[in-house]
1. Test of understanding: what is the full-extension gain from Ile92 to Ser150, defined as 0.36 nm times their sequence separation minus their Cα-Cα distance?
2. Among the GluC sites (Glu not before Pro) in the stretch 238-297, which ones are in a DSSP loop with at most 12 other Cβ atoms within 10 Å of the Cβ? Mind listing them?
3. Rounded, prolate or oblate: which fits the stretch 21-78 when a ≥ b ≥ c are the square roots of the eigenvalues of the alpha-carbon gyration tensor, with rounded for a/c under 1.5 and prolate only if a/b beats b/c?
4. For Gln70 and Lys187, calculate 0.36 nm times their separation in residues minus their Cα-Cα distance, and state this gained length in nm to one decimal.
5. Could you check what % of the DSSP bridge pairs in the chain are antiparallel, to the nearest 5?
6. Equivalent ellipsoid semi-axes for the stretch 13-146, as square roots of 5 times the alpha carbon gyration tensor eigenvalues: give them largest first, rounded to whole Å.
7. Taking all protein chains as present, what is the carbon and sulfur share of the accessible area of the stretch 248-312, in % to the nearest whole number, probe 1.4 Å?
8. Considering only protein heavy atoms and a probe of 1.4 Å, how much of the accessible area of the stretch 1-115 is carbon and sulfur, as a whole percent?
Amino acid sequence: MADKLIITAALTGNITLPMMTPALPITPEQIAEEAIRCAEAGAASIHIHARDPKDARPSTNVDFYREIAQRMKARTKAIFVPTTGGTASMTIAERIKVVPALKPEMATCNMGSINFSIHPVAERYKDSDQKFPWEKEFAASTKDFVFKNSFADIEYYYNTMIENGTKPEFELYDVGHLYNMAWFVRKGIIKAPIWMQFVTGILGGIGCDVDSILAMKNTADRLIGPQNYKFSTIGVGYPQEFNANVLSIILGGNVRVGLEDNLFINKGVQAKGSWELVEKMVRIAKEMGKEIATPDEAREIIGLKGLAKVGY
Ligand code: KMH
Ligand code: ZN
């Protein structure tokens, strides 16, 4: 079972803007429906960013997250994994409040600070392309955005998660973040078994290319020890999403697809939804001889407390 492939679907993010694709789910109901469809297609884990239904802006409102989580729980066993990433305007405390409120099985824990930018997007779209008036301004503002995750922040996030029985899904955007993680492991704060994601291809982070992904894997093996962690890889953009995931499988890792990271199912053809990206990933993985993990198998592989112990 440990060899089975865990597929994560990342449905919305907050750097995918409504003007970029008509397929982006916005309301809690739409996000939950998309999650269920991705689970039916083969995703064991669903990474969630909520949005305010009134204007589609990224939101930390716990009520939106609760509604998504409850709708999912009623119809699927797929793992609900809320973000703690937030946006530039959100405080650290605001970003994590979903964890004590809902006590999810898993939530993201970002392992270091980086520039995190989509400002070139603002130049690619006309004002009239916008579905909501804030979109281009939001994209442009990320030119000055430092995604802050200091040692103090990471410790606070990690401890809050452990207190609530929530497993951190560590997000690492560059090799230096593995050194941050190794420091926490050496100090006995972060303990194995570790579940981490190599996030490649963000403007501000490590690139999505073979050398960079190998650098992440080799550094993780050297600093953390291959026996202490399991991983998944994210490649931002098309065809990077699928290329990164193929390499991840070859290296013994897992995969993530979805509109948070990539909008295209084929060159120049937008995906109809994250579920279509999951379906493609399943086809590729099966051709590579992989079996797909069910949500309960993923729970066992990652080491999660189970749906009976969540707070929603
Ligand atoms: N909000 C982005 C800056 C996460 O989900 O934890 C980073 C992000 C990571 O989306
Ligand atoms: Zn995210």
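The values are calculated or read from the model by the stated rules, or taken from the named source; none is laboratory data. Please read all numbers here as calculations on a predicted model, not as lab measurements. Using ideal geometry, Cβ is built from the backbone for each residue, glycine included, and neighbour counts are taken over all protein chains shown. Side chains included, ligands, DNA and RNA excluded: accessible areas come from the protein's heavy atoms. Shrake-Rupley method; radii C 1.70, N 1.55, O 1.52, S 1.80 Å.
1. Numbers: separation 58, 0.36 × 58 = 20.88 nm, distance 1.02 nm.
Length difference between fully extended and current span is 19.9 nm.
2. Values: sites: Glu241, Glu260, Glu276, Glu279, Glu287, Glu291, Glu297; in loops: Glu260, Glu291.
Filter output for the stretch 238-297: Glu291.
3. Values: a/c = 2.23, a/b = 1.43, b/c = 1.56.
Judged from the Cα gyration tensor, the stretch 21-78 comes out oblate (a/c at least 1.5, b/c at or above a/b).
4. On the way: separation 117, 0.36 × 117 = 42.12 nm, distance 3.70 nm.
Once the chain is fully extended between Gln70 and Lys187, it gains 38.4 nm.
5. Numbers: 7 of 36 bridges.
Close to 20 percent.
6. The three semi-axes for the stretch 13-146 are 25, 18, 13 Å.
7. Working: 1480 of 2910 Å².
So the carbon and sulfur contribution to the accessible surface is 51 percent.
8. On the way: 1720 of 3710 Å².
With neighbouring chains kept in place, the figure for the stretch 1-115 is 46 percent.
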